[in-house]
Structures are given as C-alpha cells and as structure tokens.
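Everything below concerns the one structure shown next.
The values are calculated or read from the model by the stated rules, or taken from the named source; none is laboratory data. Only a predicted model underlies this, so the values are computations on that prediction, with no experimental measurement involved. Neighbour counts run over all protein chains shown; Cβ positions are idealised from the backbone, glycine included.
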Amino acid sequence: MISSEALIKARGLTKKFSNLTAVDGIDFEVYKGECIGFLGPNGAGKTTTVRMIYCFLPLTTGELSVAGMSVTGQAREIKRIVGVAPQEDNLDPDFTVVKNLLVYARYFDIPKAEAAKRAEEQLNFFQLQEKKDVVISELSTGMKRRLILARALINEPQILLLDEPTTGLDPQARRLVWEEVRTLRKRGVTIILTTHYMEEAAALCDRVLIMDNGKIIEQGAPADLVKKHVGEDVLEVDNDEKLMETLRKEFPSARFEAFGDRIHVFTSQPHGVFQSFLKKFPSKNVTIRNANLEDVFLKLTGKGLRD
Amino acid sequence: MTKITDSPSRFSMPKLTRNVWKVWRRNLDVFMKTIRVNFLPSLIEPLLYLLALGLGLGGFVQPIEGVPYVNFIAPALVAISIMYGSFFECTYASFVRMFFQKTFDAIIATPISVEEVIAGELVWGATRATINSTTVLAVVAAFGLVSSPLFLLVPLLAFLGGLLFSSIAMCFTAVASNVDFFNYPAFLLVTPMFLLSGTFFPLSTLPLAVQTGVQIFLPLAHVVSITRGLVLGSVEASMLLSLVWILVGTFVFFVLSINLMKKRLIR
C-alpha cells in the first residue's frame, strides 16, 4: 500500500564535486510503500542522489530528510532504517557467504542469535542456502547480487536502496531479482532503484523520475509517461523516400525519429491508426509495436552517447 | 536553502563510540581465520636475526656498555616488530580493504561512521603490533635474553607504539593513489628507522647532529630505547622523554590520520 506520507523529501538538493555539478537543485518525494525508479543516462546524477539518501555523500546545498530526520544531523539514525545494495560489489572477500551476513549484522548491533536467524531467512529467500559456506570469489555474478540484496535486508530496513541491481546479470538471474524485489514491495518495504533498463523500471516501479545532467526532467507512472510522450503505438519502417512522403501526408502531426536506417514514427493518435494506414498502403519491412518507456527515455534525453 | 560548509580541519576531534570495536572485531575475525599464515613469519624472522646478527656477527663485536651484542639487539628486534606489524597493516592491508575490497564503503553504509572505521583500523594495527612483538618477545625470552621482570610491560608499550606507527601509516594511506606509493614511506622512513634507531648499534656512535635528527624524526628510536630499558632492566630518565614523544606523537597522528582519511573518503 502506498501511503500519502512522504518518507523521503528533497528540496533544492544539490551536490557539487569540485567543478562538476552532479545533482543540480532537485525536488522530489518518495512515499511510504512505493517503488520508485531513478532513470537517466550515465552521469545523470542517479547514484549521487542515492548516495546522499544513505548519508554516504554530504550534500552541497539544499535539504534532504529521511523518515523526518535530516541527513546532515542524524546520519546514524537514518542508516539504521535504510538498506543499501550498491552498484559495485563490496562484499567482504575475506569471509564466507553466511559470515558476510553475520558480520554485517554486527555493524547494526543485532544480537548474535537474532542475526543467525535473519541470515538463515535471507539465505533461503535469495536461494543461497547451498552456498552458505562458500567464499565470495566462488560465487557467480548473479549470486553476488543476491547476497548484496540479502545483506541490505539484514537490518530489516524500512527503505531499500538498489543502485543498478541487475546490471551485468543474465536474463534468468535478472527475473529472479525482479521477483524478489516484487515480494519485498508487497511486504511494504519502500524501494528506490536506479537503472538503465527501461523494461526493469516499467516492470517494477510505481513511479519513475527521469534525470539528465543533474536535473529531474520528468516524473510519473511509467504508463502515464508513455501515453503522454509517445502515444500508444510506434511504427518502425525502412528509410524509404516514397513511403516517408506518404507517411508525412497521412500523419502531419507525427514525430519521425531516425535510428540507423530505420525510421520510428510516433503519433498521439489512438491505437489502430497504423493498422489502417498499412491496409491502405501495404509496405514491406514494417513493424507496429506498443510504445514503451524506452521511447520516452530516448525522446527526453536524446540519442547522443554519454559517458 | 541551507549552505553546508563541509571542510573539517585537519585536527578536528573525531567522535568515536564503541562501534570502533566492531571494525576491530572484523579484522580480528579475518586474522583468526588465517592465523597460521599470519603467525609463522613473525616467529621465524626474529629467529633468523638472532642467529645471523646475534650469534654470527655478534661473535666479532665487543660487548656494548657491558651488554653482549646478542642481548643488545634482542630488545631492538622486539621494537622493530612493533613497527613492522602496525606499519604494514595500516598501509598495504588497509589500502587493500579501502581501495580494492571497498570494505570501508560497505561499513559506512551501516550506523558506523568513517571516523569509527579508521579508528578501528588503527586500533587493529596496534593489536597486530602487540601480537607480533609479544611473539618475538617470547622467542627472545626463550633464548634467555631477558634480564628483568619489567619486560612484562613491553606488550603495553607495543600497543601504544603500534598505535603511533599505525597512525603514521594511515596518513600515507590517506594520500596514496596506488599500492606502489607505499614504496616511498617503506624505503624513506621505515628502512632508515630500522637501521638507525639505535637498533643494531648505540645511537651515541653517530655524529651528534644525526643523533638529534634521529631523536626528532624517527619514533622507532624512542620505542627501542624504552623496550631495551624494560628488557635489560636498565631504566633511565631519558626513557620518560621518549614516552612523552610517543604519547604526543600518537595523539597528533591519530587525529590527523582520521581527518585525512575522512577527507579522502567523503567527498
């Protein structure tokens, strides 16, 4: 259940690194129980924002509160109720799988018996029971990811921060992580995730915030954003002079976007207009598909390579 | 909008809680897991020195102020192990944990603060120094090279001296861009200390200017002087001055290293 109570509140949140403004005066709220996604190209400021939420980075200016506490004065209390699954693997390579969880539990002052119980639960939930006594270097990328998630949950956090939780995973491992994230959401954990994968954001998030150059350029429910920015259907055709001319005549208000030698045609007209067009002007190599979040993302952030 | 000026001075006092011990405990857990690999070298090295320098070279050397050469160097070997144990723990080992393993980042995401992580590392470095030097002390004692019950105070000195060398080491770790950087302090600081701190010959044989330089800049000289006094039972007033140097140095470098590391890790 998503409540109307803002669990995280940012006002004019800004982070500067020497001469780079990574996050540029953003405002946002995260409501209790929702799963919110920060989307954006590399360097958009997603990870920096997440790191400020868990008090890893101090803010340059602005205000940021988590569960009513200020990140500048009450870092310790905030970190107690937040679980963090960072982008990079920072599992402790000196320990086994279960020992990683137990040592982490100690950092949170969780008593030994309780820590053992929770570690056991997490290992079962993330299907790592068989690997319990294995050292970290022997785990696959997917298992490491799941262990990082398990570790992030050891303090039974109210807020879970997932920084690119599925980057580098194969489709099977990715689906498994998605399933686990959905289960956690059903249990009422507030989840904030950053991702490059639009289908991931569409599958998991109640709401997404699209960031670019340190600013939030759009936000809303994935389906609403798709409807608002790209309509319902997308027509993909070869870049053929004659066909393009006909299309321009038929859809004067449509947006044409070149991707290599293919043209994507976006229109805000209702579902079915492209089908009727094809009946009138049958053409080869044509695809009609549903508009998706990736179309929105590329429209808003452009096609230029980042990094 | 509130402007947060986050530029702590190099000497602002760190706020520490008992969380420091959780970081220390993490390192102890790793140490216990690999105790055999950790323990043997620290046992064998002083044995080799005692054999080669004490018994071998010592046969050609006259007693120093009435003390046989092997008895003269034995306490120095204990002091050297205090330096090595802590210095290498808080340079190479801490750097690996910070830079390659990202262990510090993982801990900072929990209620433990950066200051506490670094303090935990420093206290652990001091603990390593105590463990290593106590092992060496036992070897020295087994060879009958201890002549005063005061030697029982050496582990206390080892912890203090270890904290000093850990703190100095951590200052280098705070500015190191890669592991190779540690060649500088290893060759320009640790090796001169190893050779010149009254370890293998009395400081008094050096020119006066060099003696003064050693006493000002090479803290091992003070650790050697006190260790030798405790092991040989020859307590002198100058040892008090050495103790003051160590106490003040430990405090200054402890605070400085935490602030430097904080500056490096929190941007």
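Within segment A:243-279, the set of residues being surrounded by fewer than 15 Cβ atoms within 10 Å (Cβ to Cβ), closer than 28 Å to A:ALA202 by Cα and in contact with a Leu (Cβ under 9 Å, 6 or more places away or on another chain) comprises A:PHE259 only.
A single member of A:VAL103, A:VAL71, A:VAL50, A:VAL97 is surrounded by 18 or more Cβ atoms within 10 Å (Cβ to Cβ), under 19 Å from the mean Cα position of the chain (by Cα) and assigned by TED's automatic domain parsing to the domain that holds A:ALA10, and it is A:VAL50.
Output yes when any residue across segment B:189-204 is over 19 Å from the mean Cα position of the chain (by Cα) and part of a helix (DSSP H, G or I), and no when none is. Within segment B:189-204 (the criterion being over 19 Å from the mean Cα position of the chain (by Cα) and part of a helix (DSSP H, G or I)), the answer is yes, since at least one residue qualifies.
If you go through segment B:82-110 and keep only what is within 14 Å of chain A (Cβ to nearest Cβ) and among the small types (Gly, Ala, Ser), you end up with B:ALA93, B:SER94, B:ALA106, B:ALA109.
When A:PRO282 is tested against (1) over 29 Å from A:CYS205 (Cβ atoms); (2) in a strand (DSSP E or B); (3) not hydroxyl-bearing (Ser, Thr, Tyr), exactly one condition is not met: (2). Here A:GLY33 clears all of (1) touching an Asp or Glu at 6+ places or on another chain (Cβ under 8 Å); (2) surrounded by fewer than 23 Cβ atoms within 10 Å (Cβ to Cβ); (3) at pLDDT below 95; (4) on the phi > 0 side of the Ramachandran plot except the condition numbered (1).
Please verify whether A:ALA6 is surrounded by fewer than 22 Cβ atoms within 10 Å (Cβ to Cβ), more than 14 Å from every other protein chain (Cβ to nearest Cβ), among the hydrophobic types (A, V, I, L, M, F, W, C) and in contact (Cβ under 8 Å) with a residue 24 or more places away in the chain, treating the condition exactly as stated. When the stated conditions are applied, A:ALA6 passes them. Scoring A:GLN158 on the criteria (1) surrounded by fewer than 18 Cβ atoms within 10 Å (Cβ to Cβ); (2) within 13 Å of chain B (Cβ to nearest Cβ); (3) touching a Leu at 6+ places or on another chain (Cβ under 9 Å) leaves a single failure, condition (2). Among strands (runs of 3 or more DSSP E) entirely within segment A:32-146, having at least 3 residues that are away from chain B (no Cβ under 13 Å) singles out A:35-39. The residues of segment B:216-237 that are more than 16 Å from the chain's Cα centre (by Cα) and within 22 Å of B:ALA186 (Cβ to Cβ) amount to a single one, B:ILE216. Just one of (1) more than 30 Å from A:ALA75 (Cβ to Cβ); (2) within 14 Å of chain A (Cβ to nearest Cβ) trips up B:SER113, so point out which. For B:SER113, the exception is condition (1). Listed by position, the helices (runs of 4 or more DSSP H) enclosed by segment B:205-267 that each have at least 1 residues that are surrounded by fewer than 16 Cβ atoms within 10 Å (Cβ to Cβ) are B:208-217, B:238-265.
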